[in-house]
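> Here's a structure for you.
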Amino acid sequence: MDSVMSLVLIAIGSLCAASFYVPIKKIKGWSWESYWIVQGVFSWIVAPVIFAYFTVPELGRVIGQSPGSAILNTMFFGVLWGVGGLTFGLSMRYLGVAMGQSIALGFCAAFGTLAAPLISGTNLLSTHEGIMTITGVSVCIAGIAVVGYAGALRSSNMSEEDRKKAIAEFSLKKGLIIAILAGVMSACFSLGLTGIPGVMDAGNRLKEAAQSAGTDPLYVNNPSYIFVTLGGFITNLVYCLYLNIKNKTYGDYLSLSGGVLVNNLVFSLIGGTLWYLQFFFFGMGQSKLPGGMMAFGWSILMAMNILFSNVWGIFLKEWKNAGSRTTAVLVIGLLILILSSFVIKL
């Protein structure tokens, strides 16, 4: 039952993550760099602090009792994840919600699940849980490859006019490069939560402090989120301010009428909160996984994100006129991704 509940909780978070770009598209009159950092204030600063405050007893003491080096390492991984975060947004800009998220999250799933145990020298083949983790990641990557193939078919089948209608700045080559970088760097979020056993402490020490304070197991990752996302915010802030200056868009924040400004802030708040909720529910779901498969929770999250992002892609007509063969390949890929998540039941 715990395994099923784990999937349900992670699926809820994934639905939130895949949906975050929908309200962001309602923002008017702002350049990408302007709306990206404003939604980031809500998703990377405001939401993590508020949710941790209300779910972690004596949050200040938990943070104060955690080693400073572990907190800095958590932020360091967050800075690296921030590179993935800003390029993640760019991948959707050039490839669309469906294809951009699919490719980026595919690399993120593999690296985020396997990097820590491989670097620390853990033999995943020595236990049933380890073997199932490798199997699940492999099935997940296979599903991602099929979804990516569907994206390639869509690109070849659609006319240039159709591509531009679905995605105004569609660019396959540029989008693929950015999506791969986004995936690898985004996986550093997972390392920020777990650290690298025997090599580098990070959010794992914050988690231990939260456990010692009597925090409900569902919420023990919440203090770590504060510092991972803070690191990511710093990266994105520097880059977005650079673009504001380069593109002379720094006036975006004050040039709008009151009504439009409120509209933009509201949808930034909604989008940013939806983005954060993926990790809030991920932490809850991961706590219910078998001990030896905790790392696989990351792969489940990415698989679910891809599933729901493509559902949104279909709803937003990004796959319109792509052809029946392409649609069939997409559906097969999504079914494989769903199958990968149920490895925890084996």
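The values are calculated or read from the model by the stated rules, or taken from the named source; none is laboratory data. All figures in this text were calculated on a predicted structure; none of them were measured in a lab. Please note: Cβ atoms are built from the backbone with ideal geometry, for glycine as well, and neighbour counts cover all protein chains shown.
> Which count do you get for residues in the range 226-244 that are surrounded by fewer than 19 Cβ atoms within 10 Å (Cβ to Cβ) and either among the hydroxyl-bearing types (S, T, Y) or free of Cβ contacts under 8 Å to residues at least 60 places away in the same chain (or both)?
Number satisfying all stated conditions: 3.
> Which numbered condition trips up S268, out of (1) over 17 Å from G13 (Cβ atoms); (2) at pLDDT 95 or above?
(2)
> Only one residue in A70, A110 is of a type outside the set (F, W, Y), in contact with a strand residue (DSSP E or B) (Cβ under 9 Å, 6 or more places away or on another chain), surrounded by fewer than 23 Cβ atoms within 10 Å (Cβ to Cβ) and in contact (Cβ under 8 Å) with a residue 60 or more places away in the chain. Which one?
A70
> Does N247 fit the bill of being polar (S, T, N, Q), in contact (Cβ under 8 Å) with a residue 60 or more places away in the chain and either closer than 25 Å to G192 by Cβ or touching a Gly at 6+ places or on another chain (Cβ under 9 Å) (or both)?
no
> Would you call G78 within 26 Å of I180 (Cβ to Cβ), out of contact with any Cys (no Cβ under 6 Å at 6 or more places or on another chain) and at pLDDT 90 or above?
yes
Residue-wise test of (1) assigned to a helix (DSSP H, G or I); (2) among the hydrophobic types (A, V, I, L, M, F, W, C); (3) surrounded by fewer than 15 Cβ atoms within 10 Å (Cβ to Cβ); (4) touching a Ser or Thr at 6+ places or on another chain (Cβ under 9 Å).
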site: L256; (1), (2), (3), (4): no, yes, no, no
site: G259; (1), (2), (3), (4): yes, no, yes, no
site: F281; (1), (2), (3), (4): yes, yes, no, yes
site: S309; (1), (2), (3), (4): yes, no, no, yes
site: W312; (1), (2), (3), (4): yes, yes, no, yes
site: K317; (1), (2), (3), (4): no, no, yes, no
site: L330; (1), (2), (3), (4): yes, yes, no, no
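> Of all residues in the range 313-331, which are farther than 17 Å from G143 by Cα and hydrophobic (A, V, I, L, M, F, W, C)?
The answer is I314, F315, L316, W319, A322.
> Let me ask something additional. Confirm whether L335 is surrounded by fewer than 23 Cβ atoms within 10 Å (Cβ to Cβ) and under 30 Å from A150 (Cβ atoms).
yes
> In the range 1-56, what count of residues is obtained for those that are in a loop (DSSP other than H, G, I, E, B) and under 20 Å from N305 (Cα atoms)?
Looking only at that region, the number is 2.
> Mind checking whether some residue in the range 266-277 is farther than 30 Å from A210 by Cβ, surrounded by fewer than 24 Cβ atoms within 10 Å (Cβ to Cβ) and out of contact with any His (no Cβ under 8 Å at 6 or more places or on another chain)?
Yes: the range 266-277 contains one or more residues that are farther than 30 Å from A210 by Cβ, surrounded by fewer than 24 Cβ atoms within 10 Å (Cβ to Cβ) and out of contact with any His (no Cβ under 8 Å at 6 or more places or on another chain).
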